[in-house]
Amino acid sequence: MSPEQGVTPQRPASPQDQPVEQQPVVLSTNSPAALKVGTQQIIPKNLASEIKVTNKANSQNVETSKRVLKVRSMVENLSVPLVADDEEEAEGDLDSPGTLRRGLRSTSYRRAVVSGVDFDSSSNFKKKNRMSQPILKAVVEDKEKFSSLGRIKKKMLKGQGTFDGEENAVLYQNYKEKALDIDSDEESEPREQKSDEKIVFHYKPLRSTWSQLSVVKKNGLSEGISQEERKRQEAIFEVISSEHSYLLSLEILIRMFKNSRELSLTMTKTESHHLFSNITDVYEASKKFFKELEARHQNNIFIDDISDIVEKHTSTFDPYVKYCTNEVYQQRTLQKLLATNPAFKEVLSRIESHEDCRNLPMISFLILPMQRVTRLPLLMDTICQKTPKNSPKYENCKQALKEVSKLVRLCNEGARKMERTEMMYTINSQLEFKIKPFPLVSSSRWLVKRGELTAYVEDTGLFSKRTSKQQVYFFLFNDVLIITKKKSEESYNVTDYSLRDQLVVQQCDNEDLTSSPVKNASTMLYSRQSSAAHLFRLAVLSNHAGEKVEMLLGTETQSDRARWITALGQDRDGQKTDRTTLTQVEIIRTYTAKQSDELSLQVADVVLVYQKVNDGWYEGERLRDGERGWFPMECAKEITCRATIDKNMERMGRLLGLETNV
């Protein structure tokens, strides 16, 4: 029966079953598939949170020694609640504490990857994900949700194998590499199972790990090997299964978006090329890579090594470099089309709502090649970490890791070079020099930070001194500072410039306002209730005319001041910070940099924190490649396990060591 008919499938009643149906904590579909699993199952306590039972009739059936729990989804980001808010709960039937709203599987990832692009409002999410009947329908969901991708997979690869079943059709957007979390806080400290950790719930994982494969269980392979070797097999299998998931997502991107005639008619060929670039070549390279990995897996479930396959195919991954180089055009083109082309936006929204796309936005598919190529070194490093150092396999794995690290470096350099070059030409065309012109465009110069500041200037008259406030706009490059006054969004008058090594910056506390160079700044600031109350001093030892200039500058937020002080005054090559003393955080939500001094991050990235500002910003260094920048605190959670922190430092040493020797 369909959910709209409001009838729940029933099984034949028996004296043994009746008491179970009265227990509100039993979450079961009562289907034959569920009965095969059993009526009770234990899941970890941290997958559930306590709720109150408001219905008196049900509360009488709950034993006083037990707590009623609501279950969280295994695939959702925990920052997004799975249950409905107060308004929606009022609409649904919550008599049974075992009810659960479904259909929010893709919401957290959608909100995560589309930072800064408002594809849908939160109200639309509620409407789209609201079900007519909030009853758990696990079996129905499995058939409906994965049927489309099961058909896709059967078209791609003939024959039956580990990755041919519908249960393995998980999109890469919903895939989290477990091999990267093998040494997590939970596993580093043994836990005692308590009675209140037991709740009844039918759980079926979205995908299998190596230990969960039926052939591994039947032959007892995981019990016959050491824990380190089991983790190594898990890491190897992770490379294969994640490549399979990634390949499925690429196929949907090409079939549903790139090959859509309706979507192509809403834009020019140039715009289409900027959007999709050479994604077909990337797909073909990935397909060949996966087929060879799968053949190795089918040949022997206990895989000795895959380093040779990884090293071989890395040399064929040139399409990734080209695709990543096009990233700046891709993002700009998509933003422009969404903002100025209603027909494109309408067709795109209709395609995204198709069941094959799982309500995921197109941008979540477009960024996958960049995400995948940066994950490969981490996955290979996990295999390397679990391989005995005195074995030939260890050296082979190190060589494969070196090759994929080289690929990542080429992709990063390609994207960065294209973005920097275009940015330099754009800025140069917007500057009007009112003083001696400065040759700005150079292949070795790039933008570090730009933005508007408030400058407090002391005017000296015949009998008195007066402090005035001016707006200035800074363009800070890696070797020079250009000081301008903004005329419009695309026009700036240059008033001064100085080489970066001639700048001295200092934070200015409130009690220092009475000191030079601006003696009357304190009175002026607080009497006028200035919004730029976070001050710092900038001394230009030698400007364009060879003169010394001192400035008192203000920003609107505390983090803006910290970011300008860091950008204007830091000499990264001269810094000797002990990384082992720094706080480490794990990224729990994707963040896309919006300014030149910010850091783009993916879920599961590890970052070393150099600065923490009270209004919600971190400055940190990305572990996988050493890139530094600012990002919001809300995207990260602190890592507290000492063993995990030490292993992250070892990993960073290996990855950065390879970066300097590729």
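What is the gain in length, in nm to one decimal, between residue 637 and residue 288 on full extension, counting 0.36 nm per residue of separation less the C-alpha to C-alpha distance? Could the numbers behind the result be given before it?
On the way: separation 349, 0.36 × 349 = 125.64 nm, distance 3.72 nm.
Result: 121.9 nm gained on full extension.
Rounded to whole Hz and in sequence order, give me ³J(HN,Hα) for the range 410-417 from the Karplus expression 6.51 cos²θ - 1.76 cosθ + 1.60, θ = phi - 60°, writing x for Gly and Pro.
With the stated coefficients, the range 410-417 comes to 5, 5, 5, 5, x, 5, 5, 5 Hz.
Obtain the nm distance between the two label points defined at residue 539 and residue 280 by a simple spin-label model: each point lies 7 Å from its Cα along the Cα-to-C-beta direction.
That separation, rounded to one decimal, is 6.3 nm.
Near residue 264, within a Cβ-to-Cβ distance under 15 Å, what is the net charge of the other residues, with Lys and Arg +1 and Asp and Glu -1? Walk me through the intermediate numbers first.
Details: positive: 255, 258, 261, 269, 345, 350; negative: 262, 271, 346.
Counting the neighbours of residue 264, the net charge comes to +3.
Determine by what factor the alpha-carbon radius of gyration of the range 246-370 differs from 2.2 N^0.38 Å, reporting the quotient.
Values: Rg = 16.8 Å, N = 125, 2.2 N^0.38 = 13.8 Å.
In units of the globular-protein estimate, the range 246-370 measures up at 1.22.
What are the semi-axes of the equivalent ellipsoid for the range 344-453, taken as the square roots of 5 times the Cα gyration tensor eigenvalues, largest first, in whole Å?
On the way: eigenvalues 306, 167, 19 Å².
For the range 344-453, the semi-axes come out at 39, 29, 10 Å.
Once the Cβ-Cβ distance between residue 270 and residue 350 is put in as r, and R0 is 25 Å, what FRET efficiency do you end up with, to the nearest 0.05?
Working: r = 23 Å, r/R0 = 0.93.
E between residue 270 and residue 350, to the nearest 0.05, is 0.60.
Please list 3J(HN,Hα) in residue order for the range 619-624, calculated via the Karplus relation 6.51 cos²θ - 1.76 cosθ + 1.60 where θ = phi - 60°; whole Hz, with x for glycine and proline.
Along the range 619-624, the couplings run 10, x, 10, 5, 5, 6 Hz.
Hey, quick one: spin label on residue 444, modelled 7 Å out along Cα-Cβ, who in the range 473-497 has an amide N within reach, i.e. under 12 Å?
Correct set: 479.
Taking the Cα of residue 470, stepping 7 Å toward and past its beta carbon, and measuring to each backbone N in the range 534-562: which are under 18 Å?
It comes to 536-555, nothing else.
Give the accessible surface of the range 541-600 per residue, rounded to a whole number of Å², with probe radius 1.4 Å and ligands, DNA and RNA excluded.
About 51 Å² of surface per residue is accessible.
Points 7 angstrom from Cα along the Cβ direction at residue 176 and residue 341: gap in nanometres?
Label at residue 176, label at residue 341, 3.5 nm between them.
Taking 0.36 nm per residue of separation and subtracting the Cα-Cα distance, what length does fully extending residue 390 through residue 577 add? Present the calculation step by step, with values, prior to reporting the outcome.
Values: separation 187, 0.36 × 187 = 67.32 nm, distance 3.28 nm.
That works out to 64.0 nm of additional length.
Full extension from residue 502 to residue 215: what is 0.36 nm times the residue separation minus their Cα-Cα distance, to one decimal in nm? Please report the intermediate quantities before stating the final value.
Numbers: separation 287, 0.36 × 287 = 103.32 nm, distance 6.75 nm.
Taking residue 502 through residue 215 to full extension adds about 96.6 nm, to one decimal.
Quick one: which residues, 5+ away or cross-chain, put their amide H under 5 Å from the amide H of residue 583? H built at 1.01 Å from N.
Those qualifying (amide H under 5 Å, at least 5 residues apart or on another chain) are 609.
What is the sum of charges around residue 226, taking Lys and Arg as +1, Asp and Glu as -1, for the other residues whose C-beta is under 14 Å from the C-beta of residue 226?
That sum, taken over residues with Cβ under 14 Å, equals 0.
What does the charge add up to near residue 444, with Lys and Arg as +1, Asp and Glu as -1, over the other residues with Cβ less than 12 Å from its Cβ? Walk me through the intermediate numbers first.
On the way: positive: 417, 420, 445; negative: 479.
For residues surrounding residue 444, the net value is +2.
List the pairs from 291/417; 258/487; 436/612; 402/449; 417/486 whose alpha-carbon separation is above 30 Å, in the order I gave them.
Values: 291/417 33 Å; 258/487 41 Å; 436/612 40 Å; 402/449 32 Å; 417/486 27 Å.
In this structure, 291/417; 258/487; 436/612; 402/449 exceed 30 Å between Cα atoms.
Tell me, how many Å apart are the Cα centres for the range 252-285 and for the range 605-654?
Spelled out, the Cα-based centre of one part sits 36 Å from the other.
Please give the solvent-accessible surface of residue 378 in Å², to the nearest 10, using a probe radius of 1.4 Å with every protein chain present.
Here the accessible area works out near 20 Å².
Where in the range 430-459 does the amide nitrogen come within less than 11 Å of the point 7 Å from the Cα of residue 490, taken along Cα to Cβ?
430
Taking H placed 1.01 Å from N in the peptide plane, check which residues at least 5 places from residue 433 or on another chain put their amide H under 5 Å from its amide H.
Under 5 Å from the amide H of residue 433 lie the amide H atoms of 494, each far enough along the sequence or on another chain.
Of all the C-alpha pairs in the range 574-618, what % are more than 15 Å from each other?
Working: 532 of 990 pairs.
Percent of Cα pairs beyond 15 Å in the range 574-618: 54.
The values are calculated or read from the model by the stated rules, or taken from the named source; none is laboratory data. Since the model is a prediction, treat every value here as computed from it, not as a measurement. Positions of Cβ are backbone-derived with ideal geometry, glycine not excepted, and every protein chain shown enters the neighbour counts. When the accessible area is computed, the model is the full protein with side chains, heavy atoms only, and any ligands, DNA or RNA have been set aside. Shrake-Rupley method; radii C 1.70, N 1.55, O 1.52, S 1.80 Å.
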